[in-house]
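These notes are about the structure you will find just below.
The values are calculated or read from the model by the stated rules, or taken from the named source; none is laboratory data. Being a predicted model, the structure only gives us computed values, none of them experimental. So basically every Cβ, Gly included, is an ideal-geometry build from the backbone, and we count neighbours across all protein chains shown.
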Ligand code: F6P
């Protein structure tokens, strides 16, 4: 029983109906499904904004989808969704509202947290960011010596890095090429070293991004960056022109030595991994300009509205979430590949890893009881054509069930010249060919027809029936990027709601942080750390010896 008296997920009639249905369906062959319904390729599609979503190549029937939607209704997905949009404290373990949707709400929207409309504050910060971004872009904001800023170095980690870093790559074609943005996240000093070694401190702006402003990696890198700057400029006053902060914690920002006038705020109802459309997006806004940043927000908002209002049958994030539940909970899939056919989306899957795995990597439910069902998948992937020559072999002919999302674009980005733009059709030919091969494979008879010797037939046979969703968009614009990210945010939400887990906390990353702080003196000073386990103790001793201490 759940705390609210409802029976637990795996005992609900909707869950057991799905398990039974899965058994009854047995082996699903996509060739057969398409033979039975030749229209499937065009009718099993949905449109949202600029996205065309094809879910025809999935190992399920209309009945499966109905049962999955029943499960969503029975588990309160829609009620939780509405509670999220209303600003209720659905992040129960941290007692917080979950309102990233308010970050992209239009100026005249009213969204209340504890009786207060947060939308004016959101837009006040966006306006302040826009003013600052314009001044950096135009050269009006100069460094301490009066020189123009040429490079922005964003220092942050997790949600304070992955979103802007991914989007900067994704939207490079619309960035101001005279102004570079670099991202430093790793506490390995090599990261900051490589990011700054060829920079002129007088022309460098550091954006210190940290929701809490207590994250050790970020504060360590920020402190080193300040030394690097002051070693060159020799005047403490330079910090005010070369450091800005993005945070919810004004006190810690001031303690670090950054003037809070140079701080861009956000709020505890924005989760770190849901924050890049908040002040955390400042580096990106400097790169693409406030107008394009607003287009990005509009793209998010478009999908928010779709998720909030579209009926279950045509609700894309709901569908994506439920497909994942079908494979993860009933068909035994452990992972989910996201394969963008765009060089610009090289960091997209890394971003999704935090979004999905930090959100839904949980093993107790909202009531603190161990779950007796699978939760979040391992999310992985890299840009598609490169993957084709690396790990696709395993997807095509390996033994694992790996549902995959294929993301592609109808048009290349505007910046490519005619020769390079012409390569786009070849890229997309690969995109379509892969999902075709994955779905329909090649039968032994088809292989034989090609004159392949009998002993090679098993090796050259492709079973097919590897499920994929194809998301085809017009072009990788800021709005389309916002639409794509919002799709995944809400997909993660749907799954967390069905699994009855809190998708908005991340207690699992805390233990490692605490232990790192305890172990550090053992490395540096050889200090005795009480309670250190024998394996770690031996490793630390080996480290000290190898380090020559
Ligand atoms: O990895 C844990 C985490 O708390 C993430 O959720 C967050 O995005 C990241 O650390 C960085 O936190 P902060 O923005 O507070 O520095």
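Regarding residue 173, is this residue free of Cβ contacts under 8 Å to residues at least 12 places away in the same chain, within 24 Å of residue 292 (Cβ to Cβ) and assigned to a helix (DSSP H, G or I)? So residue 173 fails the test. Output the residues belonging to segment 1-26 that are outside any helix (DSSP H, G or I) and in contact (Cβ under 8 Å) with a residue 60 or more places away in the chain. Residues satisfying the conditions are 2, 3, 8, 12. Among the residues of segment 279-296, those identified as surrounded by fewer than 22 Cβ atoms within 10 Å (Cβ to Cβ), under 16 Å from residue 476 (Cα atoms) and touching a helix residue (DSSP H, G or I) at 6+ places or on another chain (Cβ under 7 Å) are 292, 295. Restricting segment 246-284 to residues that are free of Cβ contacts under 8 Å to residues at least 40 places away in the same chain and in a loop (DSSP other than H, G, I, E, B) leaves a set whose member that is nearest to residue 177 (Cα to Cα) is 259. Based on what the data block shows, is residue 227 closer than 15 Å to residue 258 by Cα and within 16 Å of the ligand (Cβ to nearest atom)? So residue 227 fails the test.
Residue count for segment 247-264 satisfying the condition of being closer than 25 Å to residue 88 by Cα and either in contact with a strand residue (DSSP E or B) (Cβ under 7 Å, 6 or more places away or on another chain) or crowded, with 24+ Cβ neighbours inside 10 Å (or both): 4.
One residue alone among 487, 476 is more than 24 Å from residue 402 (Cα to Cα), modelled with pLDDT of 95 or more and touching a helix residue (DSSP H, G or I) at 6+ places or on another chain (Cβ under 9 Å), and that residue is 476.
Scanning segment 117-138 for residues that are surrounded by fewer than 17 Cβ atoms within 10 Å (Cβ to Cβ), farther than 16 Å from residue 179 by Cβ and touching a residue at least 24 places away in the same chain (Cβ under 8 Å) turns up 121, 128.
Out of all the residues in segment 490-500, is one or more in contact (Cβ under 8 Å) with a residue 12 or more places away in the chain and part of a loop (DSSP other than H, G, I, E, B)?
Taking segment 490-500 and keeping what is in contact (Cβ under 8 Å) with a residue 12 or more places away in the chain, we get 490-500.
Imposing the further condition that a residue be part of a loop (DSSP other than H, G, I, E, B) reduces the set to 500.
Looking for residues that are in contact (Cβ under 8 Å) with a residue 12 or more places away in the chain and part of a loop (DSSP other than H, G, I, E, B), one finds at least one in segment 490-500, hence yes.
Kindly indicate which of 376, 384 is in contact with a strand residue (DSSP E or B) (Cβ under 8 Å, 6 or more places away or on another chain) and within 29 Å of residue 281 (Cα to Cα). Checking each option against the conditions leaves just 384.
Here residue 87 passes the criteria (1) on the phi < 0 side of the Ramachandran plot; (2) surrounded by 18 or more Cβ atoms within 10 Å (Cβ to Cβ) except the one numbered (1). Is it the case that some residue within segment 149-158 is surrounded by 16 or more Cβ atoms within 10 Å (Cβ to Cβ), touching a residue at least 40 places away in the same chain (Cβ under 8 Å), over 30 Å from residue 383 (Cβ atoms) and more than 12 Å from the ligand (Cβ to nearest atom)? Yes, that holds for at least one residue.
Of all residues in segment 187-245, those satisfying the criterion of being surrounded by fewer than 14 Cβ atoms within 10 Å (Cβ to Cβ) and not in a helix (DSSP H, G or I) are 188, 197, 198, 200, 214, 234, 235. Of all residues in segment 405-426, exactly one satisfies the criterion of being within 30 Å of residue 330 (Cα to Cα) and out of contact with any helix residue (DSSP H, G or I) (no Cβ under 7 Å at 6 or more places or on another chain), namely 405.
Residues checked against (1) within 16 Å of the ligand (Cβ to nearest atom); (2) over 29 Å from residue 414 (Cα atoms); (3) surrounded by fewer than 23 Cβ atoms within 10 Å (Cβ to Cβ); (4) over 17 Å from the mean Cα position of the chain (by Cα):
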site: 343; (1), (2), (3), (4): no, no, yes, no
site: 350; (1), (2), (3), (4): yes, no, yes, no
site: 361; (1), (2), (3), (4): yes, yes, yes, no
site: 369; (1), (2), (3), (4): no, yes, yes, yes
site: 372; (1), (2), (3), (4): no, yes, yes, yes
site: 376; (1), (2), (3), (4): yes, yes, yes, no
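Of the set (1) away from the ligand (no atom under 16 Å from the Cβ); (2) more than 29 Å from residue 81 (Cα to Cα); (3) out of contact with any strand residue (DSSP E or B) (no Cβ under 6 Å at 6 or more places or on another chain), all apply to residue 286 but (3).
Restricting 175, 204, 218, 214 to those that are within 16 Å of the ligand (Cβ to nearest atom), under 29 Å from the mean Cα position of the chain (by Cα) and more than 14 Å from residue 161 (Cα to Cα) reduces the list to 214.
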